[in-house]
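Data first, discussion second: the structure below is written as structure tokens.
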Amino acid sequence: MVKKPTADQGKTAPEISDDDIYAAMKEISGYLDITPGDFKEVYVLAFRHAQERLLRRVTAREIMTREVAWVKVDTPLKEVAELMAQRGVSGVPVVNGAGQVVGVISEKDFLRRMSSKDLTSFMGLVAECLRDKACKAPAFRGRRADELMSSPAVTVTEETPVIEIMKLFKERSINRAPVLDAQGRLSGIVSRGDLLGLASCQAGGAP
């Protein structure tokens, strides 16, 4: 279940500081004449700077989902699939005996092994099965999580700013990242849904 941002995380427009205004004005080239159009341009840029400033203050700890579905390295893939289906998640962290995150298993990992093509969606797999009249899925029975997981896992810490997580998701083309505590153990998970929930609150007063 996605944890909703608290009231102090910005359900209304962020407060624009003088520094935000000055930063916005520096981005406007040429002579600045105070007209409605100029003011709107300054305001839009200042709002963006204010929003980015606030996103640097919000950390993974404040938006992460704490009740994380996870599996061990030796968890049978059958149980991994059942857990993901029961919890309604598209990926789970894989931890070793010391509680350290060593990988992540996602729907894409299953799809890659169940198809002869580079499919990225369940319906793509269904279409292939119907077209070929037979699925080329390998036998997962007896296989373990560490045989399918993507490793090493892309992780963040509890103190990682949200704006850095957004950049990481974009650069690595991922939808989730396990969150580690100060001891390097799994303490939560941040998904794209958590980021979108926060962004929608921040955008509540956007021009």
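Please treat every number below as a calculation from the coordinates, not as lab data. On a predicted model such as this, the values are computed, not experimentally measured, just so you know. Every residue, glycine among them, receives a Cβ derived from its backbone with ideal geometry; neighbour counts consider all protein chains shown.
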Original post:
By the scheme Lys and Arg +1, Asp and Glu -1, what is the net charge of all other residues having a beta-carbon under 10 Å from that of Ser106?
Top reply: +1
**OP:** Measure up Lys40/Lys170; Lys78/Lys170; Lys72/Lys108 against 22 Å on the Cα-Cα distance and list the ones that go over.
**Re:** Lys40/Lys170; Lys78/Lys170
Original post:
What ³J(HN,Hα) values, in whole Hz, does the Karplus curve 6.51 cos²θ - 1.76 cosθ + 1.60 give for segment 85-97 when θ = phi - 60°, with x put for Gly and Pro?
Top reply: 5, 5, 8, x, 10, 9, x, 9, x, 10, 10, 8, x
**OP:** Going by C-beta contacts inside 10 Å, put Arg66, Arg192 in order with the fewest on the left.
**Re:** Arg66, Arg192
Original post:
Expressed as a whole number of Å, what is the distance separating the alpha-carbon centroids of segment 62-84 and segment 153-168?
Top reply: 20 Å
Original post:
Taking other Cβ within 10 Å of each residue's Cβ, how do Tyr22, Tyr43 sort, fewest first?
Top reply: Tyr22, Tyr43
Original post:
R0 = 30 Å: FRET efficiency of Ala69 with Ala127, Cβ-based, nearest 0.05?
Top reply: 0.60
